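Visitor: Before anything else, here's the structure in question.
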Amino acid sequence: MARRNGNRGAVAIRPRRRRGDAMRVYDSLPAPLRRWMAGAVLPWSPESCLAIWRRAGGPHEALERLNRAERATLDRAGL
């Protein structure tokens, strides 16, 4: 019998327990970051995306970094 992954599909990344209200954090994100998260392939946490966003030099660079981080994660998972 196949193992169920809930709504994560075939992603081989281990789930982590979250603390706090992720939706409240999501709602407070800048609009371009919320749009990126809505179209992301992986289930990113608002906290991790916000950390990448804040380290970037601006919105364009932040979205590029997020795309690279997602691609690297998918490559590590073999997807």
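Visitor: Is it the case that residue 74 is under 9 Å from the mean Cα position of the chain (by Cα) and in a helix (DSSP H, G or I)?
Guide: Working: under 9 Å from the mean Cα position of the chain (by Cα): no; in a helix (DSSP H, G or I): yes.
No, not satisfied.
Visitor: With respect to residue 42, is the statement that it is in contact (Cβ under 8 Å) with a residue 24 or more places away in the chain, within 14 Å of the chain's Cα centre (by Cα) and part of a helix (DSSP H, G or I) true?
Guide: So residue 42 does not fit the description; no.
Visitor: How many residues, within segment 31-76, are polar (S, T, N, Q) and open to solvent by less than 30 Å² (accessible area, probe 1.4 Å)?
Guide: Qualifying residue count, segment 31-76: 2.
Visitor: Can I ask one more? Can you run down the residue pairs with Cβ atoms below 6 Å, 6 or more apart or on separate chains, where the first is in segment 47-72 and over 12 Å from residue 32 (Cα atoms) and the partner is in a helix (DSSP H, G or I) and modelled with pLDDT of 95 or more?
Guide: From segment 47-72, the pairs are 52/65; 52/66; 56/62; 56/65.
Visitor: Right, residue 35: at pLDDT below 95 and either within 11 Å of the chain's Cα centre (by Cα) or among the charged types (D, E, K, R) (or both) or not?
Guide: For residue 35, the condition - at pLDDT below 95 and either within 11 Å of the chain's Cα centre (by Cα) or among the charged types (D, E, K, R) (or both) - is not met.
The values are calculated or read from the model by the stated rules, or taken from the named source; none is laboratory data. What you see is a predicted model, and the numbers here were worked out from it, not measured in a lab. Using ideal geometry, Cβ is built from the backbone for each residue, glycine included, and neighbour counts are taken over all protein chains shown. Remember, those area values only see protein heavy atoms, side chains included, never the ligands or the DNA or RNA. Shrake-Rupley method; radii C 1.70, N 1.55, O 1.52, S 1.80 Å.
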